[in-house]
Amino acid sequence: MRFIQLQLRKLGEVKLGLFILITGIVLGFLFARIFKGYYWNSMELINTDYLYKIRDTAIDYPVLLRYVLWNIYRSFVLFWIISATAIGIPYMALCILYGGFQCGFFLTVIFMRFNLKGILLIFGYTFPHYLIYIPVAFLCLRTGYWLCRSMYYDNKLGRKGKAEK
């Protein structure tokens, strides 16, 4: 166990986070390809008619803005509360893995459904949001990691909970 901890420290938190993210993307890709038969025929969200329906629907923008901001804010507050606990770093690792899984699954399904036209859908449909989400997520993960590490993992306590010299 000590060997694994030393190797992970040598790797660094950014490279480890990228490794976890890539692992999640690969798992999402594999999951989407392997279990395609279970969800492909009942998928209404990526149906072309549904996309036209979204485009033509009248939207109450203030209600939509409050809904989106509340969902994002709730996740943000939960992240910071958990970052201040001892399980903060494992929670961050699971968040990164889950985000990578979602990304891999979404990209695979879009490319299977729309082929190369899916790139345009990704750039128009989701990419503008991620221009804001990715830098904020990176900063939050980095500062949350250092917060949790400085609070729970960097102190030199002996067996009896007293500081070692």
Separation of segment 5-32 and segment 38-101 by C-alpha centroid, Å?
-> 21 Å
Within the chain, how many Lys pairs sit with Cα atoms under 30 Å apart, leaving out pairs fewer than 8 places apart on the same chain?
-> 9
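With runs of 4+ DSSP H residues as the only contributors, calculate the mean residue ellipticity of the chain at 222 nm using -39,500 (n - 2.57) per run, divided by the residue total and rounded to the nearest 500. Don't jump to the answer; show the numbers that get you there.
Values: 8 runs with 126 residues, N = 165.
One gets -25000 deg cm²/dmol as the mean residue ellipticity at 222 nm.
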Just check segment 14-149 against the gyration tensor rule for me: Cα atoms, a ≥ b ≥ c as the square roots of the eigenvalues, rounded for a/c under 1.5, and otherwise prolate or oblate depending on whether a/b exceeds b/c.
-> oblate
If each residue's Cβ is checked for other Cβ atoms within 10 Å, how do I59, I96 rank with the fewest at the top?
-> I59, I96
By how many degrees, 0 to 90 and rounded to 10, does the Cα axis of helix 2-11 deviate from the longest principal axis of the chain?
-> 60 degrees
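Bear in mind these aren't lab numbers, they're just calculated from the coordinates by the rules spelled out. Please read these numbers as outputs of a predicted model, since none were measured by experiment. Heads up, the Cβs are rebuilt from the backbone with ideal geometry, glycines too, and the neighbour counts pull from every protein chain shown.
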